[in-house]
Each structure stands twice: as C-alpha cells, then as structure tokens.
1. Please compute the net charge surrounding His39, taking Lys and Arg as +1 and Asp and Glu as -1 over other residues with Cβ under 15 Å from its Cβ.
2. Once both labels are modelled 7 Å past Cα along the beta-carbon direction, what's the Arg162-Glu67 spacing in nm?
3. Using only the Cα atoms of the range 20-96, construct the convex hull and provide its projected area averaged over every direction, in square nanometres to one decimal.
4. Given Cα pairs under 8 Å that are at least 6 residues apart, what percent is the relative contact order of the chain?
5. Give the Kirkwood hydrodynamic radius (Å, one decimal) of the range 64-139, defined as one over the mean of 1/r across all pairs of different Cα atoms.
6. Measuring from centroid to centroid over Cα atoms, what is the spacing of the range 40-69 and the range 180-229 in Å?
7. Take every DSSP beta bridge whose two residues both sit in the chain, then give the antiparallel share in percent to the nearest 5.
8. List the trypsin sites (Lys or Arg not before Pro) in the range 130-204 that DSSP assigns to loop (not H, G, I, E or B) and whose Cβ has at most 11 other Cβ atoms within 10 Å. Which are they?
Amino acid sequence: MSAPRIVTVLPDAAALAAAAADHTVAVLRATLAGRDFAHVALAGGSTPRAMNALLCAPPLRAAVDWERIVFWFGDERCVGPDDPESNYRMNRETLLKPLGIAENRVHRMRGEDDPGAAAADYTALLTRDLGPQPRLDLILLGMGPDGHTASLFPGTVKGIERSALCIAHYVPQLDRWRMTLTPTTINAARHVAITAGGHEKADALAAVLEGPRDDDAYPSQLIAPGDGELHWFVDAAAAAQLAGSA
C-alpha cells in the first residue's frame with residue numbers, strides 16, 4: 001500500500017516554484033531536527049531552476065543549515081558536467097555554487113562515463129552512504145508532457161528490474177542514453193515532490209492522476225512511495241483537465 005498523495009494547485013509558474021521551494025525547506029528542516037544530515041536528490045528543468053533561485057535568496061537561504069545537506073541527482077543526461085544539457089551543471093550554477101556547497105557533499109551522476117558503468121557506480125555510492133536499501137529524505141522530480149518523470153520515459157520501464165537502484169537505458173524517442181534512479185529507489189524516499197507546470201502538461205497530468213493505470217504509457221504513475229509522502233505541485237494551466245478544475 002502506498003502513502004496518500006497530496007496535490008496542490010497554484011495559480012501560476014511563480015507560485016508553483018515558491019510553493020515547491022517552501023516545501024523543500026520544510027522537509028529539510030524537519031529532517032535536520034532529528035538527524036545530522038539530510039539527503040536530497042535534485043532535478044533538472046525550468047521549475048527547479050526557479051526553485052533554486054528562491055532557495056539561494058533571503059529568506060529561504062538562511063532557513064536551512066546547508067552545510068548539513070547532501071545532494072544527489074534523480075537522473076542525468078549522458079553528457080559531461082559542463083555540457084549545457086547537464087542537470088548537474090544547471091544545479092551547480094543555480095544552487096550548489098551560490099550556496100557554497102562543498103564538492104564532497106555533491107554526488108553527481110557521471111554522464112561522461114560509459115552509461116552502464118556510471119549507473120553501477122552510482123548504485124555503489126548509494127549503498128555505501130545509505131545502506132543496502134537506500135532511503136533518500138527528499139527526491140525532487142518533474143513531469144514531462146508525455147508523462148515521464150526523472151528519465152523514466154514511456155515504453156522504457158517494463159524491463160527495469162525491481163532490485164535495481166540506478167540504471168542507464170536507451171530512450172528511443174530521444175535517441176539518447178539516460179541515467180536515472182529507478183522506481184524502487186524513488187518510492188523508498190521519505191518525501192517525493194513532483195512539479196508540473198504549463199498547459200502542455202494538462203492532458204498527461206489528468207491521465208497520470210485520474211486516468212486508468214498504464215504506467216508504461218505514463219511512467220509518473222509508478223511514483224507511489226510505500227512509506228513516505230508524495231506531494232504534487234502543479235499550476236492552474238497544468239491542472240486544467242483535472243476533475244473540478246473548471
């Protein structure tokens with residue numbers, strides 16, 4: 001049985017980013033109240049970029065002891081760390097460097113390496129630092145117009161082994177290799193937050209949240225933490241097709 005999901009609809013993209021940033025701070029503060037460090041997995045995309053700007057600025061910057069946060073990544077493109085498409089580069093430039101985060105507290109996926117070897121290395125890193133059944137405190141995700149999340153794309157998820165923690169796979173519709181945390185790792189997290197903004201995501205969001213179960217077509221349906229909290233943050237444009245949105 002999975003934990004109940006919470007869906008928060010915000011009026012626009014700015015409010016969406018602000019709500020997600022506030023949620024991130026609340027989760028990190030609550031975690032640090034009970035433990036020395038909090039482990040969070042970052043995402044790429046426009047909303048995380050906007051969130052990062054808020055997290056680096058007053059008042060949120062001072063609300064968290066950032067020296068006690070360990071950063072991971074939910075997925076990565078198979079490119080180098082300085083490539084414009086790199087999720088790591090975006091987060092380094094908009095969050096990690098502005099906050100002065102030490103390199104030893106940032107665990108990036110090595111997109112420049114052989115994809116399979118890099119995924120195996122990331123699995124080893126997760127289990128080394130968090131144990132054989134790693135549990136991140138917060139995983140930040142987005143959802144694409146096709147219903148994908150992290151680098152779990154339509155038509156790519158059926159063959160993922162349940163025991164896998166991080167994989168590399170070829171995404172035919174992109175003609176690219178991607179690395180990603182698996183549903184097993186994501187659903188083990190204490191908190192998962194998914195953001196979706198824009199009218200182009202309305203159909204997929206309605207299918208994911210209210211449609212029949214078809215997680216091969218809509219991989220975001222796979223995200224259902226068994227013993228954690230799932231919180232969706234969506235703007236009004238993305239929520240336009242949800243029941244009761246009119």
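1. With Lys, Arg at +1 and Asp, Glu at -1, the neighbours total +3.
2. In this crude label model, Arg162 to Glu67 measures out at 4.4 nm.
3. For the Cα atoms of the range 20-96, the hull's average projected area reads 4.9 nm².
4. It comes to 26 percent, rounded to a whole number.
5. Averaging 1/r across every pair of different Cα atoms and inverting gives 13.2 Å.
6. So the separation of the two Cα centres works out to 22 Å.
7. Bridges in the chain that DSSP calls antiparallel: roughly 30 percent.
8. Within the range 130-204, the qualifying trypsin sites (Lys or Arg not before Pro) (loop, at most 11 other Cβ atoms within 10 Å) are Lys158, Arg162.
Laboratory data are not the source of any read-out in this text; all were calculated from the coordinates shown. Please read these numbers as outputs of a predicted model, since none were measured by experiment. FYI the Cβ positions are ideal-geometry reconstructions off the backbone, even for glycines, and counts take in every protein chain you see.
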